[in-house]
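Chemist: Quick one: this structure, given as C-alpha cells, is what I'll be asking you about.
Rule-based calculations on the coordinates, nothing more; no lab input. A quick note: this is a predicted structure, and the numbers were derived from the prediction, not measured. Note that each Cβ is placed from the backbone with ideal geometry, even for glycine, and that neighbours are counted across all protein chains shown.
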Amino acid sequence: MTATAETRINFRTDPETKEAATRVFDTLGIDMSTALNMFLKQTVRNQALPFTPSVDTTANMEARRQAFAREGRRFDTVDELRSFYGD
C-alpha cells in the first residue's frame, strides 16, 4: 500500500454555521473533513460548483430553514391547507 500525501486547508466560518453543519454531517454519518472533500471532488468532477448559486429573498430562506428544521405550521390534509390560505 502506498502512502498518500495530504494537504491541509484552513478556512474561517462562524461558530453557528460550523455547529449546524456538523449536526447535519453527524446525521449523515460523515465528518467535516469527509464532507468538504466530497464538495471539492464534486467541484473538480463537474468543473463547477455542485449547487446553483442564486439570490433568494429572506422570506424564502426562512421558509426553507423552517421546513428543514420541521418548524412552522403543519397541515394534516390538503383541505386544511386550502382553508388556512382561504382557497
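Chemist: Tally time: how many residues in region 34-48 are surrounded by fewer than 11 Cβ atoms within 10 Å (Cβ to Cβ) and of a type outside the set (D, E, K, R)?
Modeler: In the first step, residues of region 34-48 are kept if they are surrounded by fewer than 11 Cβ atoms within 10 Å (Cβ to Cβ); the result is 44-48.
Remaining after also requiring of a type outside the set (D, E, K, R): 44, 46-48.
Qualifying residue count for the region: 4.
Chemist: Show the residue pairs that are 6+ apart or on different chains and have beta-carbon atoms under 8 Å apart, the first residue being within region 56-71 and in contact (Cβ under 8 Å) with a residue 40 or more places away in the chain, the second being assigned to a loop (DSSP other than H, G, I, E, B) and surrounded by 11 or more Cβ atoms within 10 Å (Cβ to Cβ).
Modeler: Qualifying pairs under 8 Å: none.
Chemist: Next question, about the same structure. Restricting region 1-32 to residues that are of a type in the set (G, A, S) and surrounded by 11 or more Cβ atoms within 10 Å (Cβ to Cβ), which is farthest from R65 (Cα to Cα)?
Modeler: Taking region 1-32 and keeping what is of a type in the set (G, A, S), we get 3, 5, 20-21, 29.
So of that shortlist, the ones also surrounded by 11 or more Cβ atoms within 10 Å (Cβ to Cβ) come out as 20-21.
Values: A20: 11, A21: 13 Å.
That would be A21.
Chemist: Let me ask something else about it. Go through the chain and tell me which helices (runs of 4 or more DSSP H), entirely inside it, have 2 or more residues that are among the β-branched types (V, I, T). Give the steps one after another, and end with the answer.
Modeler: Working: elements: 15-28, 32-46, 58-68, 78-84.
Ranges flagged: 15-28, 32-46.
Chemist: Looking at region 72-80, can you tell me whether even one residue there is farther than 26 Å from E6 by Cβ, surrounded by 11 or more Cβ atoms within 10 Å (Cβ to Cβ), free of Cβ contacts under 8 Å to residues at least 12 places away in the same chain and more than 13 Å from the chain's Cα centre (by Cα)?
Modeler: Within region 72-80, the subset farther than 26 Å from E6 by Cβ is 72-80.
Those still in the list that are surrounded by 11 or more Cβ atoms within 10 Å (Cβ to Cβ) too: 75, 80.
Remaining after also requiring free of Cβ contacts under 8 Å to residues at least 12 places away in the same chain: 75, 80.
Okay, now just the ones that are also more than 13 Å from the chain's Cα centre (by Cα), so 75, 80.
Looking through region 72-80, at least one residue is farther than 26 Å from E6 by Cβ, surrounded by 11 or more Cβ atoms within 10 Å (Cβ to Cβ), free of Cβ contacts under 8 Å to residues at least 12 places away in the same chain and more than 13 Å from the chain's Cα centre (by Cα).
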